[in-house]
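Engineer: Let me begin by handing over the structure; questions about it come next.
Coordinate-derived values only; no laboratory data. These numbers come from a predicted model, not from an experiment. Reconstructed Cβ throughout: ideal geometry from the backbone, glycine too, with neighbour counts over all protein chains shown.
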Amino acid sequence: MDLSLTNRQQQVLRATVDHYIATAEPVGSKALAREYSLSISPATIRNVMGALEQVGLLFQPHTSAGRVPSDFGYRHYVDELMMPSSTLMAQIKQALHRQLRTDSWIFEILLRDAAQILATLSGCVALITLPQAATSTIRHLHLVQVEPHRVMLILVTDAYETQSVVMELPHSVWDEVDSERIEQELNILSNFLNHHFVGRSLQDLVVLDQYELDREFQKYADFLKILLSDLTQRCESLSPKNILVGGLAEVLRQPEFSELQQAQTLIHLLEDGQDLLRPLIHELTTNVMDQESDSAPQNQKVKVRIGSENSLESIQAYTLISSIYQKGNIPVGSVGVLGPTRMAYEKVIALVMVTADYLSTCLTQAA
């Protein structure tokens, strides 16, 4: 629904949204006249608020109460009235640089720390998905003899995630070669695998050029092909579905969660409903605003779902803001914030955008 509001209507709507975000209390015309430089009388403000209510941007929770923004009112505010702040984005970027350590980091630990910082700064629940295995690349492979006749293949991805698979050595190997010689040959085979697969995708593991093996190692060729295929299937089946959650305690302090039922619904969703929540967070969408600052690259996408815009019924009382973080140009995970529809949209959108950009930089530089 397209609306063409006058400048006066825009001013009153912006002031109403700002007041409700700050106080969580319905606001009347006298309060707006007193607290905001609107340069119009309370009577005029009251008439404007009535007009905004008629088109669905405001509503009265009770007959005698002031007015509060509707989901549609927040949507208009985000799309038309909110101004992106390059100064705010720069401050957020500095805070991330100051509080997150990237020396000798394990990426999952970095994500957990980022989720907690995002939650603290936003006052909402922070949601960060782990990188998807399908987009991971291989950092290291190693064959280890764990028993006389059993070998473990260990894989480490570029996100420092580890997978392994164990298999019996073929009889043609352990019948002919002693344990010490097997260990030496496994080291040589490990070097061979790293030479061919480091920096490639997990799917490439199923392609082994056995003709490049020296003649004396041909006896390992079929064994390696099965081992690599099993490891690939394991990695695909264990593609991470977990969402790292931060800030539940912060958001439960908001007045919207004063009723026990609301708090229980949110907790249940975060604990048992992640499979439903993840597709909403990890979605490529068009931007809600032009992103011209250095901290918000043009190829980064932000999605704002307000209240009833959420397809998941259990979060239709909340707003979900999400963005994708990338490795190079490949989307691998998501950054999201879930909180009351009465949230500081300008600040929270900037937080999500800058955090996603920061994680993209860290993941790309570590490759």
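Engineer: For the stretch 3-11, in order, what is each residue's ³J(HN,Hα) by Karplus, 6.51 cos²θ - 1.76 cosθ + 1.60 with θ = phi - 60°, in whole Hz (x at glycine and Pro)?
Structural biologist: Rounded to whole hertz, the list is 10, 10, 8, 6, 4, 5, 5, 5, 4.
Engineer: Using a simple charge model, +1 on the beta-carbon of Lys and Arg, -1 on the beta-carbon of Asp and Glu, nothing else, what dipole does the stretch 36-143 show about its Cα centre, in debye to the nearest 20?
Structural biologist: Numbers: 8 positive and 7 negative charges, 43 e Å.
Value, rounded to 20: 200 debye.
Engineer: Hey, any idea what Rg/Rh is for the stretch 1-124, computing Rh the Kirkwood way over Cα pairs? Please report the intermediate quantities before stating the final value.
Structural biologist: Details: Rg = 19.2 Å, Rh = 16.9 Å.
Rg/Rh: 1.14.
Engineer: Next question. Would you mind checking which residues have amide H under 5 Å from Val332's amide H? H placed 1.01 Å from N; only 5 or more apart, or other chain.
Structural biologist: Excluding prolines and chain starts, which carry no amide H, the hits are Tyr325, Gln326, Lys327.
Engineer: Same structure again: Given the Cα-Cα distance of Ser41 and Asn187 and 0.36 nm per residue of separation, how much length would full extension add, in nm?
Structural biologist: 44.3 nm
Engineer: Could I ask something else about it? Please compute the length gained on full extension between Asp230 and Ser311, using 0.36 nm multiplied by the number of residues separating them and subtracting their Cα-Cα distance.
Structural biologist: On the way: separation 81, 0.36 × 81 = 29.16 nm, distance 3.73 nm.
Extra length available between Asp230 and Ser311 comes to 25.4 nm.
Engineer: Hey, another quick one. Whole-Hz Karplus ³J(HN,Hα) for the stretch 82-89, in order, using 6.51 cos²θ - 1.76 cosθ + 1.60 and θ = phi - 60°, x for Gly and Pro?
Structural biologist: Result, ordered by residue: 7, 10, x, 10, 5, 5, 4, 4 Hz.
Engineer: Report relative contact order for the stretch 7-81 in percent, whole number only (criteria: Cα-Cα under 8 Å, sequence separation at least 6). The partial results should precede the final answer.
Structural biologist: On the way: 93 pairs, mean separation 26.2, N = 75.
Normalised by residue count, the contact order of the stretch 7-81 is 35 percent.
Engineer: Next question. List the residues, sorted by chain then number, that are 5 or more residues from Phe59 or on another chain and whose placed amide H is less than 5 Å from its amide H.
Structural biologist: Excluding prolines and chain starts, which carry no amide H, the hits are Val68, Ser70.
Engineer: If you don't mind, there's one more thing I want to ask. What are the GluC sites (Glu not before Pro) within the stretch 245-280 that DSSP puts in a loop, where the Cβ has at most 11 other Cβ atoms within 10 Å? Please report the intermediate quantities before stating the final value.
Structural biologist: Values: sites: Glu250, Glu256, Glu259, Glu271; in loops: Glu259.
Listed in order of number, the matching sites are Glu259.
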